[in-house]
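Enquirer: Have a look at this one before I ask anything.
Each value in this text was obtained by applying a stated rule to the coordinates, not by laboratory testing. Computed from a predicted structure; not experimentally measured. All Cβ positions, glycine included, derive from the backbone under ideal geometry; neighbour counts span all protein chains shown.
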Amino acid sequence: MSAISTPIIPFSEPPYLAGLPSPYYSESHLKWQKACRAFIQENLIDQALEWDTNETLPESVFKNFAKAGMLIPSLPAPLPVEWLKRLGIRDFLGVLKVEDFDYIHTMIYCDEMARSGLAGPSGSLTTGISFGVPPILKFGNAQLQERFLPDLLTAKKRTCIAITEPGAGSDVANISTTAVKTPDGKHYIINGTKKWITNGIWSEYSSMAVRTGGPGPTGLSMVVVPLLGYPGVNMRRLKVGGQVSAGTTFIELDDVKVPVENLIGEEGMGMKYIMTNFNHERLTIAIGATRQSRVALASAMEYVMKREAFGKALIEQPVVRHRLAKCGAMLESQWAWVEQFVYQMTKLPKATADVELGGLTALVKAQGGIVLDECARCAVLLFGGNGYTKSGQGELVERIYREVPGMRIPGGSEDVMLDLAVRQLIKNFKNKTKAMEIPKGSSKL
């Protein structure tokens, strides 16, 4: 039986996995998807709901992923090939060489990691390396990389990205945690608090945003700050509404003494580094949210085909089909945009992509949250009382719905993202228009 004639629950898989043709996927991508699914299903998805219920994954899960090198695909493409080969990492699961890894491979990995429908289990494994390592890779000098990358890339040590504070979330420029140099200029003394830091509770290190200068964005820098067991650092886990297994953390920093050699890049460049890092974070959030939408909608579709009310299956009710149709259209449109977006990233030079796609990254992330909200709400309503119950048939969709704010707020809250997207698009338009202007006094010929 061909793939296209194999019955699957409507909306349960992206079109390319439902047997439909696609221009984006090479043989390398398709091999990677099969290998990813087998590994992730066995090592994460099968027990993800149970582990999320327990609010913490067994330590062995992280070790299994680390041993297989299956945390590294969460990094932005292209991968740090020279570093990986130095550390003996040459391929993934025997099917993909590290030098052949592109952003479509990233998308496939993120999509497969989200197949449980929950962001917590996968986030507990990958958030730290995915967002905490890139600033060191992109902007850290040689000595900084030599000191930290071997342990971080092999997952012998864990890290996280520490930007958000109680008084500064999407408003990154108003971060108040300070890093003041000692009189001898050899150390930073760091004071402040960080909040909602994913993976922080398990991390030996963090790539942290601090204020080394005056107010505003030009006063920000990034520093590698030790966490677990380090003098002056106090961490406690936060109870959040969704993604409960991802280790959301509150961090207090009281006269934390850090060598100046832990500075990432240059002082005063922190805002630029943070914004560049956000692009990868927002895109991976969009990919994961789209798969969560798919899980919620497919669960509802399967349920209404068997659930009977008023003498017939719910799917026979026009109002039910209408709800599913609206959400299905939003879901598949979002996925098509994600695929297109990722394809563009594989074809554009990095510098060009940062400019041309930066605003759109914010937009695709915001839309991912909006689509998830619609699909999760639709699923809860169609499951009825079961969808409002933390156990039984509707347990998964009830939990997905609780995770919706965790997609719409982190990485830049939705309203800020929508505004940022339009401002960036207008800025690009004005810059291109200005570049075409003919200087006064010059000939038109």
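Enquirer: Taking every pair of Cα atoms in the range 161-267, average 1/r, invert it to obtain the Kirkwood radius, and report Rg/Rh to two decimals.
Expert: Using Cα coordinates only, the ratio equals 0.96.
Enquirer: Let me ask something additional. Within straight cross-link reach of LYS432, meaning Cα distance under 17 Å, which aspartates and glutamates are found once same-chain residues fewer than 8 apart are removed?
Expert: Qualifying aspartates and glutamates at Cα under 17 Å: ASP354, GLU356.
Enquirer: Within 10 Å, at most 13 other Cβ atoms, and a DSSP state outside H, G, I, E, B define an exposed site. Report the longest part of the chain free of exposed chymotrypsin sites (Phe, Trp or Tyr not before Pro).
Expert: Longest gap between qualifying sites, sites excluded: 25-309.
Enquirer: Moving on to the next point. Checking the cross-link filter: which lysines have an alpha carbon closer than 27 Å to that of LYS97, excluding same-chain neighbours under 8 positions apart?
Expert: Qualifying lysines at Cα under 27 Å: LYS31, LYS34, LYS63, LYS67, LYS85, LYS138, LYS156, LYS157, LYS347, LYS350.
Enquirer: Further question: At what distance in nm do the modelled label points of SER28 and GLU50 sit from each other, each positioned 7 Å from its Cα along Cα→Cβ?
Expert: About 3.8 nm, to one decimal.
Enquirer: Also: Residues with beta-carbon under 15 Å from that of LYS181, excluding LYS181: net charge, scoring Lys, Arg +1 and Asp, Glu -1?
Expert: -2
Enquirer: Tell me, Kirkwood radius of the range 9-153 from alpha-carbon pair distances, in Å?
Expert: When all Cα pairs of the range 9-153 are included, the Kirkwood radius is 16.2 Å.
Enquirer: Long-range amide H contacts for THR248: which residues qualify at under 5 Å (H placed 1.01 Å from N, peptide plane, sequence gap of 5 or more or a different chain)?
Expert: The list, which skips near neighbours in sequence, is ASN199, LEU238.
Enquirer: What's the local net charge at MET417, with K and R +1, D and E -1, over the other residues with C-beta under 11 Å away?
Expert: It works out to a net charge of +1.
Enquirer: Where a Cα-Cα gap under 19 Å defines reach, which aspartates and glutamates qualify for LYS312, not counting those fewer than 8 residues away within the same chain?
Expert: Within the straight-line cut-off, LYS312 pairs with GLU302.
Enquirer: Using bins 10 angstrom wide from zero, how does P(r) for the chain break down, in % of all Cα pairs?
Expert: In order of increasing distance, the bins hold 4, 20, 30, 25, 13, 5, 2, 0, 0 percent.
Enquirer: Evaluate Rg over Rh across the range 296-401, taking Cα atoms for both radii and Kirkwood's formula for Rh.
Expert: 1.14
Enquirer: Could you state the number of Å between the C-alpha centres of the range 92-148 and the range 38-68?
Expert: With the range 38-68 and the range 92-148 each reduced to a Cα centre, they are spaced 16 Å.
Enquirer: Additional query: When the Karplus curve 6.51 cos²θ - 1.76 cosθ + 1.60 is applied with θ = phi - 60°, which whole-Hz ³J(HN,Hα) does each residue of the range 123-134 get, with x for Gly and Pro?
Expert: Taking θ as phi minus 60°, the curve returns x, 5, 8, 10, 4, x, 5, 5, 10, x, 7, x Hz for the range 123-134.
Enquirer: Kindly write out, for the range 193-208 in residue order, the coupling ³J(HN,Hα) from the Karplus curve 6.51 cos²θ - 1.76 cosθ + 1.60 (θ = phi - 60°), rounded to whole Hz, with x marking Gly and Pro.
Expert: So the Karplus estimates, Gly and Pro as x, are 9, 10, 9, 6, 8, 5, 6, x, 4, 9, 9, 6, 9, 8, 8, 10 Hz.
Enquirer: Pull up all non-local amide H partners of GLY140: gap of 5 or more, or a different chain, and H-to-H distance under 5 Å with H placed in the peptide plane.
Expert: Result for GLY140 returns GLY265.
Enquirer: Of all DSSP beta bridges located in the chain, what percent are antiparallel, nearest 5?
Expert: Around 90 percent of the beta bridges assigned by DSSP in the chain are antiparallel ones.
Enquirer: Another one. Quick check on the chain: helices-only [θ] at 222 nm, where DSSP H runs of length 4 and up contribute -39,500 (n - 2.57) each and the sum goes over total residues. Nearest 500, please.
Expert: -16500 deg cm²/dmol
Enquirer: Then there's this: If each residue of separation counts as 0.36 nm, what is the full-extension length gain between THR218 and ASN174 once their alpha-carbon separation is subtracted?
Expert: 14.8 nm
Enquirer: Any chance you could check the Cα centroid distance between the range 272-321 and the range 162-187 for me, in angstrom?
Expert: Answer, in whole Å: 38.
Enquirer: Less than 12 Å Cβ to Cβ from VAL342, Lys/Arg counted +1 and Asp/Glu -1: what total charge do the surrounding residues give?
Expert: -2
Enquirer: Within the range 161-267, how many lysine pairs that are 8 or more places apart, or on different chains, have C-alpha atoms less than 26 Å apart?
Expert: Total qualifying Lys-Lys pairs in the range 161-267 comes to 9.
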